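The values are calculated or read from the model by the stated rules, or taken from the named source; none is laboratory data. Quick caveat, the model's predicted, so the values are computed rather than measured. Using ideal geometry, Cβ is built from the backbone for each residue, glycine included, and neighbour counts are taken over all protein chains shown. Side chains included, ligands, DNA and RNA excluded: accessible areas come from the protein's heavy atoms. Shrake-Rupley method; radii C 1.70, N 1.55, O 1.52, S 1.80 Å.
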Amino acid sequence: GFPSGGKEVVFKDNYANLTTSNVCSCTIDDGKTVSISSGNSLGIEFSYTGAGSLILEDSASLYQSDDEMINTGFAVIKRNSSPILKKDYTYWGSPVNDQKLIDLSPNTVTNKYFSFDYEAKNWFQENPSNNMIPGKGYIIQGPQNFSSYLPAKFEGVFKGIPNNGKIEIKLGNANFGSLVGNPYPSALDADIFLTKNRSKIKGTMYFWTHNTPVTNLKYSSDDYAVYNLLGGVGTRGALSLGVNETIPDGTIASGQAFFIVSKGAGSAEFNNSMRIADRNTTFFKPFKNKNGIEKHRIWLNLKNSEGVFKQTLVGYIHGATNLYDEDYDAESINGNQFVDFYSTIQSKKLVIQGRALPFVQTDTINLGYKTSVAGNFEISIDHTDEFFDDLNIFIEDKDLKITCNLKDKPYSFTTQQGTFSNRFVLKFTNEVLKNGTFENTNEKIFVSSKNKIIKVISTEGLIKDLSVFDISGKLLYNKNNVENSEFQISNLGISHQVLLVRVVLENGSKTSKKIIF
């Protein structure tokens, strides 16, 4: 029969295009080849053996759950980089034992293979004939036969016995950066890696991305995409359909290396509990709100019309405070040569800032930037979580005494070169603006609370839907198809809280009102 859980599978002949299967163990006979198709996975409960060859096409996975099992079978693992030019560097980690650097990219110039020396805080030139150490990260320049102008994907090929089980990589002293790499032929869950290594490393990963645009913009640049438990930030705007494929999604693909920062001397650990059987791609794919953890986030972009781009993320998550938190705040290391854009707290420049829950509408967040390019820029919302759909998001320019609702339009401004760490404030209320700045529905929908009864009256049209949230964003009440201009809500079973009442009218107008209940 076909491979399935609980079966010891032996391949006696060649087998092309194996799709996702789970087995007890797998053996491939001498001289035979089994290929796993792109996007598929082979899950093995115990070990992989035999004298044949297992081929993993790009984004295919070999997944194992038992740390104690030892593989003896041979594998060929293909991994496509993001599009690169001849002089671009790609960050690699080996999923197999005894992989020589030069065999991964034989057409690279011999002095362009590097690892990172955390003690010297600088790059270390590797001998191309050196074996790649499992768990260690390396950077390799593109092949000499690649173009200097037209980017293309590079196919790296790893050949050897697939790594499995617990793997440790030594770290430097506190605040030392280390370049590490996924040591397995399957993807890793970034959240589990960060959580299990919480006592050893700060809670941020930095992924190098090549940001070569579709059109030849003047200031296009490469940069680090950043991820922590709050989420990730990308290195360019969405190219189409509002999807930004440079934003890390909480997945570390096979073959991918990244920077982490140590809390002190020790070792970072990889083990099979962190491995996942799917989503083993080089490109980051959107993956919303993993594990059901409550997160309310806003991604902001700073850009100009000539290709300068930087993204920052602010959000609210349980466990964070409004002070600096190593697990939820990510400092900017600014690989972008033209611009940096960040929020600030305790004199730190953060590319990701986690704030405390419950959300308080009067909260404010300082924003700053650094630019080597003068001229016209704009700050805009890239996207938000649903929690902010009916809340205004303002940017205040303290230099010009201007406040703009980013929900209505991006904020455009002119700047000189330099560092401006206190120019902007992000906030969610604005007492200075007149009522006319808000949706007109605000003047025609009335919400009141008395004797534990919420009363909603619309003078503009019939009410379609009503929702009530607490200040953390938890849904307390929902009523669809009201079809009336007045409605009362009672028996909520709560008291002494600030509530947010969202009202949607039959004509499509909507607004939110804050009340004391």
### Query
Which pairs do you get when a residue that is touching a residue at least 12 places away in the same chain (Cβ under 8 Å) and over 22 Å from THR362 (Cβ atoms), found in the stretch 414-427, comes within reach of a residue that is exposed (fewer than 15 other Cβ atoms within 10 Å of the Cβ) and hydroxyl-bearing (Ser, Thr, Tyr), reach meaning Cβ atoms under 8 angstrom, with the pair 6+ apart or on two chains?
GLN417/SER372
#### Entry: Residue ranges of strands (runs of 3 or more DSSP E) in the stretch 17-88 with at least 2 members touching a residue at least 24 places away in the same chain (Cβ under 8 Å) and under 33 Å from the mean Cα position of the chain (by Cα)
41-44, 53-56, 61-64, 74-80
### Query
Inside the stretch 130-177, can you point out the residues that are touching an Asp or Glu at 6+ places or on another chain (Cβ under 7 Å), in a loop (DSSP other than H, G, I, E, B) and open to solvent by 60 Å² or more (accessible area, probe 1.4 Å)?
LYS166
### Message
Condition first: within 23 Å of ALA253 (Cβ to Cβ) and open to solvent by 40 Å² or more (accessible area, probe 1.4 Å). Now tell me which residues in the stretch 15-44 satisfy that.
### Response
ASN17, THR19, THR20, ASN22, SER38, GLY39
### Message
Restricting to the stretch 376-405, name every residue that is part of a loop (DSSP other than H, G, I, E, B) and either over 30 Å from SER467 (Cα atoms) or touching a residue at least 60 places away in the same chain (Cβ under 8 Å) (or both).
### Response
ASP385, ASP390, LEU391, ILE393, LYS398, ASP399, LEU400, LYS401
#### Entry: Count of the stretch 367-381 residues which are touching a Ser or Thr at 6+ places or on another chain (Cβ under 7 Å) and either among the aromatic types (Phe, Trp, Tyr) or under 18 Å from SER347 (Cα atoms) (or both)
4
#### Entry: Only one of LYS78, LYS86, LYS100 that is open to solvent by 70 Å² or more (accessible area, probe 1.4 Å) and among the basic types (Lys, Arg)
LYS100
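For the stretch 370-387, enumerate the residues that are farther than 17 Å from HIS296 by Cα and among the hydroxyl-bearing types (Ser, Thr, Tyr). Show your work before the answer.
Pass one, the stretch 370-387, residues farther than 17 Å from HIS296 by Cα: 370-380.
Of everything in the stretch 370-387, those that are farther than 17 Å from HIS296 by Cα and among the hydroxyl-bearing types (Ser, Thr, Tyr) turn out to be THR371, SER372, SER380.
Can you find even one residue in the stretch 296-305 that is in a strand (DSSP E or B), open to solvent by 10 Å² or more (accessible area, probe 1.4 Å) and touching a His at 6+ places or on another chain (Cβ under 7 Å)? If you could, list the steps in order and put the result at the bottom.
So the first thing to find is which residues in the stretch 296-305 are in a strand (DSSP E or B), and the list is 296-303.
From what is left, the residues that are open to solvent by 10 Å² or more (accessible area, probe 1.4 Å) are 296-297, 299, 303.
With touching a His at 6+ places or on another chain (Cβ under 7 Å) added as a condition, the list becomes 299.
Yes, the stretch 296-305 contains at least one residue that is in a strand (DSSP E or B), open to solvent by 10 Å² or more (accessible area, probe 1.4 Å) and touching a His at 6+ places or on another chain (Cβ under 7 Å).
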### Query
Within the stretch 191-212, which residues are within 26 Å of ARG79 (Cα to Cα), open to solvent by less than 10 Å² (accessible area, probe 1.4 Å) and either in contact with a Phe, Trp or Tyr (Cβ under 6 Å, 6 or more places away or on another chain) or assigned to a loop (DSSP other than H, G, I, E, B) (or both)?
MET205, PHE207
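Looking at the structure I just gave you, is SER94 open to solvent by less than 40 Å² (accessible area, probe 1.4 Å), at negative phi and either at pLDDT 95 or above or not polar (S, T, N, Q) (or both)?
Numbers: open to solvent by less than 40 Å² (accessible area, probe 1.4 Å): yes; at negative phi: yes; either at pLDDT 95 or above or not polar (S, T, N, Q) (or both): yes.
Judged against the criteria, SER94 is a match.
Residues checked against (1) touching a helix residue (DSSP H, G or I) at 6+ places or on another chain (Cβ under 8 Å); (2) at pLDDT below 95; (3) polar (S, T, N, Q); (4) closer than 18 Å to ILE84 by Cα:
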position	(1), (2), (3), (4)
GLY137	no, no, no, no
GLN141	no, no, yes, yes
PHE158	yes, no, no, no
ILE169	no, no, no, no
ASN173	no, yes, yes, no
SER178	no, no, yes, no
ASN197	no, no, yes, no
### Query
With (1) at pLDDT 80 or above; (2) surrounded by 20 or more Cβ atoms within 10 Å (Cβ to Cβ); (3) not aromatic (Phe, Trp, Tyr) as the list, and SER267 as the residue in question, which single condition is left unmet?
(2)
